[in-house]
Each structure stands twice: as C-alpha cells, then as structure tokens.
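The values are calculated or read from the model by the stated rules, or taken from the named source; none is laboratory data. Predicted model only: the values in this text are computed from it and were never measured. With ideal geometry, Cβ positions are generated from the backbone for all residues, glycine too; neighbour counts draw on all protein chains shown.
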Amino acid sequence: MELRIKDICKQKGLLQKELAEKVGVTDIALRASLKGNPTVGTLEKVANALNVEVWELFTESPGESEISGFIKAKGTIYEIKSRQDIENLLKSIQ
C-alpha cells in the first residue's frame with residue numbers, strides 16, 4: 001500500500017522531520033511505523049498533523065478509488081481495498 005505522506009508534506013511545505021515532531025515521535029520512528037503496516041492510531045495522528053482526512057493518505061489524487069493494502073487496528077489486520085473500507089474501519093473501532 002502506497003501512502004502519499006511525502007507528497008502531502010511537500011504540498012504543505014513540511015519536512016517529514018517536522019511532521020514527526022507534530023506527531024510526537026522521532027523521524028526514524030515515524031518512518032519505520034509507516035513502512036510496514038501502520039496502526040490506525042498512527043494514521044490518525046499523521047492525518048491530524050497534516051490537516052487531512054485519513055483516506056487522503058492513501059489515494060493518488062482526489063477521488064481516486066484504487067487502494068489496496070492492510071491496516072492493523074487493535075491487534076487485527078484488515079484488508080483495505082477502497083476509501084469506503086478505510087472509513088468503515090475508522091467508524092467500527094471508535
């Protein structure tokens with residue numbers, strides 16, 4: 001699953017190191033977390049720090065629906081195939 005965090009940071013003029021500070025972790029910890037299967041909590045923190053919706057971290061462009069990957073939430077790994085899957089997962093664990 002490709003996250004577009006680098007693209008969003010670039011658009012907002014924010015270095016990934018600065019994003020890590022906003023999230024409250026080191027740059028190395030943030031990169032490691034996002035490289036594998038990030039938790040929903042991490043994705044929510046990143047989205048909040050970037051002032052975007054969680055689903056926007058996954059799509060190539062607004063309205064793009066082709067998403068494929070896995071997210072770990074509360075010890076369970078969920079397969080994500082669409083923006084709607086992300087939104088449903090977020091609703092179900094809150």
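A few points about this structure:
Results for (1) under 13 Å from the mean Cα position of the chain (by Cα); (2) of a type in the set (Gly, Ala, Ser); (3) at pLDDT below 90, shown as yes or no for each residue.
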residue	(1), (2), (3)
Lys12	no, no, no
Val23	yes, no, no
Pro38	yes, no, yes
Thr59	yes, no, yes
Lys81	no, no, yes
Glu87	yes, no, yes
Lys91	no, no, yes
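- The helices (runs of 4 or more DSSP H) falling completely within region 1-60 that include 3 or more residues that are among the charged types (D, E, K, R) map to 5-12, 16-23, 27-35.
- Residue tally, condition without any contact (Cβ under 8 Å) to a residue 40 or more places away in the chain, polar (S, T, N, Q) and either surrounded by 15 or more Cβ atoms within 10 Å (Cβ to Cβ) or touching a strand residue (DSSP E or B) at 6+ places or on another chain (Cβ under 8 Å) (or both), over region 17-60: 3
- Residues of region 1-10 satisfying the condition of being farther than 12 Å from Val52 by Cβ and modelled with pLDDT of 90 or more: Lys10
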